[in-house]
1. Can you tell me which condition residue 651 does not meet? The list is (1) open to solvent by less than 10 Å² (accessible area, probe 1.4 Å); (2) outside any helix (DSSP H, G or I), and all the others hold.
2. Say we look at the stretch 523-564 and pick out the residues that are of a type in the set (Val, Ile, Thr) and open to solvent by 10 Å² or more (accessible area, probe 1.4 Å); which of these is farthest from residue 580 (Cα to Cα)?
3. Given (1) in a helix (DSSP H, G or I); (2) crowded, with 16+ Cβ neighbours inside 10 Å; (3) under 33 Å from the mean Cα position of the chain (by Cα), where does residue 677 come up short, assuming only one miss?
4. Yes or no: residue 192 assigned to a helix (DSSP H, G or I), polar (S, T, N, Q) and surrounded by fewer than 22 Cβ atoms within 10 Å (Cβ to Cβ)?
5. If I filter the stretch 576-597 for residues that are outside any loop (DSSP other than H, G, I, E, B), touching a Lys or Arg at 6+ places or on another chain (Cβ under 9 Å) and surrounded by fewer than 21 Cβ atoms within 10 Å (Cβ to Cβ), do I get at least one hit?
6. Pick from the stretch 550-564 the residues that are in contact with a Ser or Thr (Cβ under 8 Å, 6 or more places away or on another chain) and assigned to a helix (DSSP H, G or I): which of them is nearest to residue 587 (Cα to Cα)?
7. Could you list, in sequence order, all residues of the stretch 449-473 that are surrounded by fewer than 16 Cβ atoms within 10 Å (Cβ to Cβ) and in contact (Cβ under 8 Å) with a residue 60 or more places away in the chain?
8. Which of the residues belonging to the stretch 202-232 are assigned to a loop (DSSP other than H, G, I, E, B) and closer than 19 Å to residue 244 by Cα?
Amino acid sequence: MRGPCRFACPNALTKVLPMKLFQSPEDKIKAATISDLEQLLASASLPGHVRQLAENELAVLRQISQSSAEYSISFTYLTNLLDMPWGKKTEDNPDIAAAERILDAYHYGLHQIKERLLEHLSIRMLRMNRKPRILVVDDEEIARKNLRYILEKEGYTVEVASDGLEASAKMDHADFDVVLTDIRMGRMDGLTLLERTKIRSPETQVIIITGFASVDSAVVAIKKGAFHYISKPFKLDEVRTTVREALAGRRAPQHVQGSVLCFVGPPGTGKTSLGKSFAHALGRKFARISLGGMKDEAELLGHRRTYAGARPGRIIEEIRKLGVANPVMMLDEVDKIGKDFKGDPAAALLEVLDPEQNSAFMDNYLEIPFDLSQVMFILTANIVDNIMPPLLDRMEILEFGGYTEEEKYHIAVDFLIPKQIRLQGLSGCPPQFSRGAVYTIIQSYTREAGIRNLEREIATVCRRITKNIVRQQEACPPMEVDPEAVGRFLGPPRFLFELAKEQNLVGVTTGLVWTEMGGDIIFIETAKMKGERDLILTGSLGEVMRESAQAALSYIRSHAEELGIAEDFFGCHDLHIHIPAGAIPKDGPSSGMAIAMALVSLLTGRPARREVAMTGELTLTGRILAVGGVKEKLLAARRAGIKRVLLPQKNRADVEALPLDTGRDLDIRLVEHFADAIDLVLSSP
Ligand code: ADP
């Protein structure tokens, strides 16, 4: 019989078919028949509504011709449906000390971020280890006693109340996972208690206990959000099972779920690998989906089944492949989604991430809700500003700043070099990298916030050593890698500390910018010529940067006298501001001070010191306002050999919060007003 399963590769189906008949999983799928599906359905552990759907689908399948397209679509759908890990979870690792060891074993530094991740784990663990708390509310003492007895024997902590009012008072002082309540009671009835509970603690499950006379009210209660109802006189087994189900189905309270974590930082700063280690520490499976290249909502949320070649969206597809409903799932590049995405990307992501919606996540292909509330999502982005605001509201941002040279050195020695020695086959005779060699690679062969290129260069050195060993046919020559050997393996240095050596020029200043690649330096060049009072701006400047150039000029014109500039100068000259370096995106207000300084240098003839870099927004009155990315900018300044950095006084708190060695070797000056900055940058004419 011909096989209809063209694109699904269902794990479950390949498992049920006998191996002796078919050689490969593909062969098995090709030869799969309805009776294989029946066998799969019989052996699968499925929630009732999924089983019902599968049985209906199977009934339809039996009616249609095997050669038809519908048969193929329906068969593939059914195998996908049965292959989903309905309710299958891995157990979380409850050992926080072990988790901490795992995070430290794979990543150097990143203390604050690891600390935050461990807090996140602790909250989960505390919740996992806590005995469930049940509140029994009934006006009959005998019912209270019986229920308390049964539930305490199940290992729960049980409290009792004789009516809704007393129960409400108890709920003011403690959280309960489940409330079992009678309907008719004295001062406050069960329905009112249910309404109040759903408002103040939506995650608490409410089970209604009802006498024969109040079954109608119980139905109303279900409509109002009660989990279930139990009729009096209750059966012990029914009470136990219903409470167990309520506990299993409850959502984590908002404060435990918290917001979704979002790792933000330049490339190569360890966001992905820390996410993986976190999953490892938690004992969960890990998947990663890149949102960056996504063009269509259907890639995330699935295609409708009727569409030829339809398949589930990436989220459901990854969960199916992993075979568990509670992985750590990293959604990469959330700041890159949007521009050419068909559909509303924010709405699509909220469907996935929002705890209010994702417990009944609807993939267009699957057409039946799948509970994503157990998935732990981590997002990544290079820069916060590009994240869509509705998403930003739900996120907790953890910032991965760039690494200092010292941090890079330690990461290289403790992690990258041992890893590359292993990967390049040098474990038998590992080369020794000298401190100078590692610093040479960092300073002369890479210029980046993260350590991607550093790892690549170390890999190149190791590969060349491997090749030499093989070529020389020497078993294990002693190998010391010093700066000179680095030069031999990697060629001439690619980056030099050229800035300090450059001549000071009139009309040219050094600015600091912050891009998604990390911090960087830019030069602001200005020129004057006879003309019609035009301001020419070039260098692919964004709108905000153009405006800040205008503001800088207005500040200078309105303060010409105190700056020592002839007032009639502006009447008969054009000014040109150019910012070279096409690869660096240039926008934002933070270059205001550097632009104004270049103009003042030009118009007063005082050369600007090349090794002084600055960043700060300038107002029309000359005040310097705070900027973002201080750490990144300082690291970029150090990489470029800058000696002095001018920062806004308003960034004092950011500077004080920096790791100690971020600003080492830099003379950092905090300035409040443009007038205070001039002599720190310009030398005498
Ligand atoms: P990102 O996701 O931020 O672009 P990656 O997680 O891909 O960065 O990291 C790039 C490489 O650098 C990986 O091999 C990673 O293990 C390594 N790395 C980054 N930060 C650290 C660190 N703090 N300690 C050890 N290795 C690190």
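1. (2)
2. Start the filter on the stretch 523-564 by keeping residues that are of a type in the set (Val, Ile, Thr), which leaves 524, 526, 536, 538, 544, 556.
Checking which are open to solvent by 10 Å² or more (accessible area, probe 1.4 Å) leaves us with 526, 536, 538, 544.
Details: 526: 11, 536: 14, 538: 8, 544: 17 Å.
Top of the filtered list is 544.
3. (3)
4. Values: assigned to a helix (DSSP H, G or I): yes; polar (S, T, N, Q): yes; surrounded by fewer than 22 Cβ atoms within 10 Å (Cβ to Cβ): yes.
Judged against the criteria, residue 192 is a match.
5. There is at least one residue in the stretch 576-597 that is outside any loop (DSSP other than H, G, I, E, B), touching a Lys or Arg at 6+ places or on another chain (Cβ under 9 Å) and surrounded by fewer than 21 Cβ atoms within 10 Å (Cβ to Cβ).
6. Just the residues of the stretch 550-564 that are in contact with a Ser or Thr (Cβ under 8 Å, 6 or more places away or on another chain), to begin with: 551, 555, 563-564.
Now restrict to residues that are assigned to a helix (DSSP H, G or I): 551, 555, 563.
Numbers: 551: 14, 555: 20, 563: 27 Å.
By that ranking, first place goes to 551.
7. The one that is surrounded by fewer than 16 Cβ atoms within 10 Å (Cβ to Cβ) and in contact (Cβ under 8 Å) with a residue 60 or more places away in the chain: 452.
8. Filtering the stretch 202-232 down to residues assigned to a loop (DSSP other than H, G, I, E, B) leaves 202-204, 211, 224-227, 232.
Hits for the stretch 202-232 are 202, 203, 204, 225, 226, 227, 232.
The values are calculated or read from the model by the stated rules, or taken from the named source; none is laboratory data. What you are looking at is a predicted structure, and each value in this text was computed from that prediction instead of being measured. Glycine also receives a Cβ, built like all others from the backbone with ideal geometry; neighbour counts cover every protein chain displayed. Side chains included, ligands, DNA and RNA excluded: accessible areas come from the protein's heavy atoms. Shrake-Rupley method; radii C 1.70, N 1.55, O 1.52, S 1.80 Å.
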